[in-house]
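Quick notes on the structure that follows.
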Amino acid sequence: MENLELIDYKKDDLSEILYNLKSYTENKKAVILTYGCQMNFHDSEKISWLLEQMDFKIIEDINEADLIILNTCSIRKSAEDKVYGKLGELKHLKKLKNSLKVCVCGCMMQRQESRDIVKEKFENVDIIFGTNNIYKFPQLLLKVYKDNEKVIDIEENYTNDDNNLGANRLYNFKSFVNIMYGCNNFCTYCIVPYTRGREKSRRPKEILNEIRDLAAHGTKEVTLLGQNVNSYGKNLDEKYTFTDLLKMINEVDGIERIRFMTSHPKDFSDELIYAFRDLDKLSNFLHLPVQAGSSKILKLMNRHYTKEQYLEKIYKIKEIVPDIALSTDIMVGFPGETEEDFLETIDLCKKVEYDSSFTFIYSMREGTIAANKEQIDEAIKHQRFNRLLDLLYPIQLRKNKAEIGKVKKVLVEDVSKTNKEALSGRTEEFKLVNFKGSGDLIGKIIPLKITDANTFSLTGEII
Ligand code: 5AD
Ligand code: SF4
């Protein structure tokens, strides 16, 4: 099927589609299964909003569902394998319930290879769309129901960023907001530039309108999303930098905390370091993915900075914002990584002393430059991974223990995942705190005294 025409949600097109869909979707139930990062999580919030516009009831049990949506991730092979496994399971369900519709969207579907596998092996899939055309979902579904045929609709790049798609957010007090889409960096291990297309910034006006509206509805914390927020504004007619945007968001009444994900060290500016010092709402937490400690490997990864340049930025921010918490993404086993290169990563981690980190074993992604290089032995990769964790976790524990006795402001988020009797929230530094308290505190920012700490969380008490 050819790609459908673009629809404009500011006009009446959506209501017309919804009207036509009504007889098919009334009283139907839908499940969304989300894989991957915050970007995908937020895309699922938009999909959920669209489903509600279509009168679907969102449920969790796939056995009860009339429509199942898999919002997929391609960052590592394991993420793709999970999706194929789930689609296999759903074959059985579709046999039991002929009217069940299955939709696959997200990063995997932006890749021809993965689309082909889904098309060939899973004839139980009815709708395929990608990351750049979520707004077309109702149109596609109407086609499936009305014409009883399968549809595939993919757009390479994000084109329709002003369509004001709503989002069905999980919490009303903390919200994700896209500030840009896509990525131009082409790190040699990474599939994202192929799945999310070229970098495109949203206009500040659109972003501010969304954030003002969120604040008016109770949002206290916004997390700005983009693959490389430091290059925000490059494609805009008017010249705005990421720090210009932060300054404007800092002025929005009702917003108390600003976070962002993810920044790239090559574009990380002094201006942003001073923003951490000067903007009262910008949280004291910086996630600055290093990926590797060896300058040789960083060059092979096409990262555009050396170990020394990265450390220089870290030392500078530690000097200007001494209480900042630091986090990173690190990978072991990239093609060409020798024992000496790995020891450079260890050395860098000792010097930075991260408060938290996301650690990965390199996974070969077909279509990327690094996939054509000689790969490292799996056993060596795993051994390096464990040695890295053996270094990172004790540092993390020590840094968490240093919080004991302090009073920290915590945004109370939910009932604790580890103890149903307790609540949990996050400090400005993104540290998880569990504490005893009543449910009406959820959504509030309260002071807590830190009484204990382990590697992954703190314990606090109300004062
Ligand atoms: N293998 C392992 N980890 C990867 N990442 C990106 N691509 C790969 C890959 N092929 C990691 C990077 C990135 C994070 C989101 O995922 O560390 O920052
Ligand atoms: Fe992938 Fe690099 Fe872009 Fe991050 S900056 S999404 S690692 S290509």
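Here is the figure for segment 374-401: residues that are of a type in the set (A, V, I, L, M) and either open to solvent by less than 40 Å² (accessible area, probe 1.4 Å) or within 16 Å of ligand 2 (Cβ to nearest atom) (or both) total 6.
Inside segment 199-234, residues that are more than 14 Å from GLU251 (Cα to Cα) and in contact with a Lys or Arg (Cβ under 6 Å, 6 or more places away or on another chain) make up a count of 1.
Filter segment 169-187 down to the residues that are outside any loop (DSSP other than H, G, I, E, B) and within 16 Å of ligand 1 (Cβ to nearest atom), then identify the one that is farthest from LEU300 (Cα to Cα). Of everything passing the filter in segment 169-187, PHE176 is farthest from LEU300 (Cα to Cα). Against the numbered list (1) open to solvent by less than 70 Å² (accessible area, probe 1.4 Å); (2) in a strand (DSSP E or B), ASP341 comes up short only at (2).
Screening THR188 on (1) of a type in the set (S, T, N, Q); (2) more than 10 Å from ligand 2 (Cβ to nearest atom); (3) at pLDDT 95 or above shows it passes everything except condition (2).
Quick check: anything in segment 144-151 touching a strand residue (DSSP E or B) at 6+ places or on another chain (Cβ under 6 Å), in contact (Cβ under 8 Å) with a residue 40 or more places away in the chain, within 25 Å of SER231 (Cβ to Cβ) and away from ligand 2 (no atom under 16 Å from the Cβ)?
Within segment 144-151 (the criterion being touching a strand residue (DSSP E or B) at 6+ places or on another chain (Cβ under 6 Å), in contact (Cβ under 8 Å) with a residue 40 or more places away in the chain, within 25 Å of SER231 (Cβ to Cβ) and away from ligand 2 (no atom under 16 Å from the Cβ)), the answer is no, since none of the residues qualifies.
Residues of segment 228-281 being more than 14 Å from ligand 2 (Cβ to nearest atom), polar (S, T, N, Q) and assigned to a loop (DSSP other than H, G, I, E, B), which ones? Selection gives ASN235, THR241, SER269.
Please enumerate the residues belonging to segment 188-208 that are more than 23 Å from ASN302 (Cβ to Cβ) and buried (at least 19 other Cβ atoms within 10 Å of the Cβ). Selection gives ARG202, ILE207. Pairing each residue of segment 378-394 that is in contact (Cβ under 8 Å) with a residue 60 or more places away in the chain and within 14 Å of GLU339 (Cα to Cα) with any residue that is of a type outside the set (Phe, Trp, Tyr) and outside any helix (DSSP H, G or I), provided the two are 6+ apart or on different chains, yields no C-beta distance under 9 Å. Go through ILE47, ILE68, ILE75 for me and flag whichever is open to solvent by less than 30 Å² (accessible area, probe 1.4 Å), in contact with a Cys (Cβ under 9 Å, 6 or more places away or on another chain) and touching a residue at least 60 places away in the same chain (Cβ under 8 Å). Sole residue among the options that is open to solvent by less than 30 Å² (accessible area, probe 1.4 Å), in contact with a Cys (Cβ under 9 Å, 6 or more places away or on another chain) and touching a residue at least 60 places away in the same chain (Cβ under 8 Å): ILE47. The one condition from (1) away from ligand 2 (no atom under 16 Å from the Cβ); (2) not in a helix (DSSP H, G or I) that GLU319 does not meet is (2).
Considering every residue within segment 153-168, establish whether at least one is modelled with pLDDT of 95 or more and either in a loop (DSSP other than H, G, I, E, B) or over 30 Å from VAL415 (Cα atoms) (or both).
no
So that you can scan it fast, the table gives a plain yes or no per residue for (1) within 16 Å of ligand 1 (Cβ to nearest atom); (2) open to solvent by less than 60 Å² (accessible area, probe 1.4 Å); (3) small (Gly, Ala, Ser):
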residue	(1), (2), (3)
ASP280	no, no, no
PRO289	yes, yes, no
LEU300	yes, no, no
GLU319	no, no, no
LEU326	yes, yes, no
PHE334	yes, yes, no
ASP355	no, yes, no
THR368	yes, yes, no
ASN372	yes, no, no
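Checked against (1) part of a loop (DSSP other than H, G, I, E, B); (2) more than 18 Å from LYS46 (Cβ to Cβ), THR219 passes all but condition (2). For ILE134, the requirement of being crowded, with 20+ Cβ neighbours inside 10 Å, modelled with pLDDT of 90 or more, closer than 17 Å to ASP13 by Cβ and touching a strand residue (DSSP E or B) at 6+ places or on another chain (Cβ under 8 Å) is met.
Starting from residues that are touching a residue at least 24 places away in the same chain (Cβ under 8 Å) and under 12 Å from ARG169 (Cβ atoms), keep the ones in segment 209-239 and report whichever is most open to solvent (accessible area, probe 1.4 Å). That would be HIS217.
The values are calculated or read from the model by the stated rules, or taken from the named source; none is laboratory data. The structure presented is a predicted model; accordingly, all values stated were derived computationally and were not measured. Quick reminder, even Gly has a Cβ in these numbers, built from the backbone with ideal geometry, and neighbours come from all protein chains shown. Just so you know, the surface numbers come from the protein's heavy atoms only, side chains and all, with ligands and any DNA or RNA stripped out. Shrake-Rupley method; radii C 1.70, N 1.55, O 1.52, S 1.80 Å.
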